[in-house]
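Colleague: One structure coming up, written as structure tokens, with questions to follow.
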Amino acid sequence: MAQSFEVHPDNPQARFLKQAAQILDKGGIAAIPTDSSYALVCHLDDKAAAESLWRLRGFSEKTSDKHHLTLLCRDLSELASYARVDNKQYRLLKAATPGPFTFILEATKEVPRRLHHPSRRTIGLRVPDHRVTQELLAIFGQPLLATTLIPPGESEPLNDPDEIAERYDHQLQLIIQSGACTMQPTTVIDMSGAEPVVVRLGRGDPAQLGLA
């Protein structure tokens, strides 16, 4: 049965976030709010937790080449450990973060092979603009592995924390309830090639980055 913490969206209680970080550190899977939708997250270096996260989404880690795992980062200071970017790319990232964008980047050797795209050495990275997520990441001290909380066979993410609790009570170790999130996904920008390419239009406006 999942633990459930009701956390204030603008003034999150540190004691709950510290407990959440401990659960994640021990291999737990959590549903947390972000600036786009609720997400499933786990410890980056816990292979068993990552496999559980994939199963909850209804696809295989080894066979899916349509989904990038995403690293939720507190800020760009963690970028160099996980992705390769040049100065031009970094300026674009800086202009877009924190915010509802996911960037597909060339992964460094620090990223375990099981975590990057199976046919391309790339990884998704984003810096969410959500107070609860930001403070959880600060307490946890490293990025979290994440995927949008979309039930298998469905196309829309879950937005109601009460519904998440009802449907995933016995599959998660933690649910951070912090009110409804937006129903829009992030805008995904592939920066692994010579020029950035918008591959999914979502809540983030590419125009603010000078992209069509």
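Colleague: Mind checking whether some residue in the range 157-166 is open to solvent by less than 50 Å² (accessible area, probe 1.4 Å), in contact (Cβ under 8 Å) with a residue 12 or more places away in the chain and within 22 Å of residue 75 (Cα to Cα)?
Modeller: The answer is no; no qualifying residue exists.
Colleague: Something else about it: Output yes when any residue across the range 186-207 is within 19 Å of residue 69 (Cβ to Cβ) and out of contact with any strand residue (DSSP E or B) (no Cβ under 7 Å at 6 or more places or on another chain), and no when none is.
Modeller: no
Colleague: Could you check residue 152 against (1) within 25 Å of residue 52 (Cβ to Cβ); (2) surrounded by 13 or more Cβ atoms within 10 Å (Cβ to Cβ) and say which number it fails?
Modeller: Here residue 152 meets the rest and fails (2).
Colleague: Among the residues of the range 200-211, are any basic (Lys, Arg) and more than 23 Å from residue 47 (Cα to Cα)?
Modeller: So far as the range 200-211 goes, yes, one or more of its residues are basic (Lys, Arg) and more than 23 Å from residue 47 (Cα to Cα).
Colleague: For the range 187-200, which positions are out of contact with any Pro (no Cβ under 9 Å at 6 or more places or on another chain) and open to solvent by 80 Å² or more (accessible area, probe 1.4 Å)?
Modeller: 194, 195, 199
Colleague: Considering only the range 1-45, state which residues are open to solvent by less than 60 Å² (accessible area, probe 1.4 Å), in a loop (DSSP other than H, G, I, E, B) and not β-branched (Val, Ile, Thr).
Modeller: Those that are open to solvent by less than 60 Å² (accessible area, probe 1.4 Å), in a loop (DSSP other than H, G, I, E, B) and not β-branched (Val, Ile, Thr): 2, 9, 12, 13, 27, 28, 33, 35, 36, 37, 38, 44.
Colleague: Quick one: in the range 86-109, of everything that is over 18 Å from residue 204 (Cβ atoms) and either at pLDDT 90 or above or outside any loop (DSSP other than H, G, I, E, B) (or both), which residue is least open to solvent (accessible area, probe 1.4 Å)?
Modeller: Across the range 86-109, the extreme among qualifying residues is 107.
Colleague: Oh, and also: Any residue in the range 169-186 that is out of contact with any helix residue (DSSP H, G or I) (no Cβ under 9 Å at 6 or more places or on another chain), surrounded by fewer than 22 Cβ atoms within 10 Å (Cβ to Cβ), among the acidic types (Asp, Glu) and not in a loop (DSSP other than H, G, I, E, B)?
Modeller: no
The values are calculated or read from the model by the stated rules, or taken from the named source; none is laboratory data. Please read these numbers as outputs of a predicted model, since none were measured by experiment. Here Cβ is always computed from backbone atoms with ideal geometry, including for glycine, and neighbour counts include all displayed protein chains. For the accessible areas, the whole protein counts, side chains as well, though only heavy atoms, and no ligand, DNA or RNA atoms are used. Shrake-Rupley method; radii C 1.70, N 1.55, O 1.52, S 1.80 Å.
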